[in-house]
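Everything below concerns the one structure shown next.
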Amino acid sequence: MLHNTKMIHLSSSCGFACRSGAGLALLVFSCAITAATVEKHIDPETGLASWKATHPDFSLELIQVLPDYIRATYATRGLPKAEAERIASWCVFGTIVRNTSDTPLSWNLADWQYRSADGEPGRPKLKSEWLAEWRQAGIPFKWTLLTDEQTFQVGDWSQGFTTYDLQHDETFDLTWSWTREGKTSTGTIEGVRCAPDR
Amino acid sequence: MHRIADTSKLSYLLCLCLCLSAGALTAQPLGHTLTRLDKPFTPENFVLKDLDGETHELADYRGKVVLVNFWGTWCPPCIEEMPSMERLYQTLGDQPFTVLAVNQWETEEHVFPFMGQLEVYPSFPILFDPTSRIAEAFGVKGLPSSFILDPEGRVVYVAQGGRNFDHPEVVKLITDLLPATTTP
């Protein structure tokens, strides 16, 4: 079920062009080639939401993941119960990132930022940070989380969990970025909601 | 003891169902673009066991084109692309070509029942890299990741993320790598 579709934040060059009051034709053209659209989707079977931001360069999809799924994923791969519970207590999304441009590009999760509904800023916890903690606890498992950063060739994409220090059911805005041909662009998905704990 | 086993099995089935439903949620046509490396490299040799306990050494495949694919059962695009790898394997079955699907972290007991759930049961070797040492040696950052080796054992094409491996353009670039005398 397609819940809604809206234009959201533009990449940086377009935002500047719009604010600077450039000619209308230029503005429309510029925005048309750099705007990202966000579609929210509700799975009719599970009731879980997903958000897909589509941009000519780079697309990002966030899919709500229930804590039970996180517990099952990690418990069946040997993580101690306490550790599976700990990561299940975080706000976790299945995350898909994709190079939709015709050149290589790079992205770095450490550059992404979120702002919670009460205005608190933060950034996703990185895979390397989780792995460092797991290594200290003697847990060598290293998959399922989205890698910290990557350079994508044409057609490349990746998927994995991203984790946010937010409560279940909490709402936030996520600003994400990527760099292509030396230029860094950003987009924002507003009103993303962490999965409920049910 | 039985209770623990049952719980583990239930968790696995829950995980499997959710994994497949997550895959359905995000299903979209797989691309077929592979990146040709400007500087091909020779990866570290490996010896890994398959589902039957037989060992496979990468060096033994010298003279063949090899698609080395890193995957896991929890990874929806890994499962989505696997039928296309099987079709590719069947299409080029009489050529010096093979697919080696290298599972990450899991065990035969985990993977074997999973394979029965697939749309097409793979007939190419499913290998086990339980510590992910081989994936690290290849520089894998996420699953699935694929590497195409030429008959000299050099990685010449790479792909990060799921692909449609029996797309005509992929079939062509692989057949172009085959030794000249065997090209159909």
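In this structure, the residue pairs whose Cα-Cα separation is over 23 Å, taken from A:LYS125/B:LYS141; A:LYS81/B:LYS49; A:LYS142/B:LYS172; A:LYS81/A:LYS125; A:LYS183/B:LYS39, are A:LYS81/B:LYS49; A:LYS142/B:LYS172; A:LYS183/B:LYS39.
Using +1 at the Cβ of each Lys and Arg and -1 at the Cβ of each Asp and Glu in the stretch A:100-167, identify which of A:LEU105, A:GLN159, A:GLY119 lies farthest towards the dipole's positive end. Of the listed residues, the answer is A:GLN159. Extension gain for A:ASP111-A:GLU181 works out to 23.5 nm (0.36 nm per residue, less the C-alpha to C-alpha distance). Computed over neighbours whose Cβ is under 14 Å from that of B:LEU177, the net charge equals +1, Lys and Arg +1, Asp and Glu -1.
Counting other Cβ atoms within 10 Å, keep those with at most 10, restrict to DSSP loop, and tell me which GluC sites (Glu not before Pro) in the stretch B:87-122 are left. Loop-located and lightly packed - B:GLU119. Ranked for footprinting exposure by Cβ neighbours inside 10 Å, fewest first, A:LEU66, B:LEU143 give A:LEU66, B:LEU143.
Within the shell defined by Cβ-Cβ distances under 14 Å, the residues around B:VAL120 carry a net charge of -4, with Lys and Arg each +1 and Asp and Glu each -1. Per residue of A:138-146, other chain Cβ atoms within 10 Å of the residue Cβ number 4 on average. For A:PHE152, the residues whose amide H sits under 5 Å from its own are A:LEU105, A:SER106, A:TRP107, ignoring neighbours fewer than 5 places away on the same chain, with H placed 1.01 Å from N.
For the stretch A:33-98, run through the GluC sites (Glu not before Pro) and keep only the ones in DSSP coil with at most 11 other Cβ atoms within 10 Å of their Cβ.
In loop regions of the stretch A:33-98 (DSSP not H, G, I, E or B), the sparsely surrounded GluC sites (Glu not before Pro) are A:GLU45.
About the Cα centre, and with charges only on the beta carbon of Lys, Arg (+1) and Asp, Glu (-1), how big is the dipole of the stretch A:84-171? Nearest 20 debye, please.
Here the size comes out at about 280 debye.
Rule-based calculations on the coordinates, nothing more; no lab input. Small disclaimer: the values here were computed from a predicted structure and weren't measured. Heads up, the Cβs are rebuilt from the backbone with ideal geometry, glycines too, and the neighbour counts pull from every protein chain shown.
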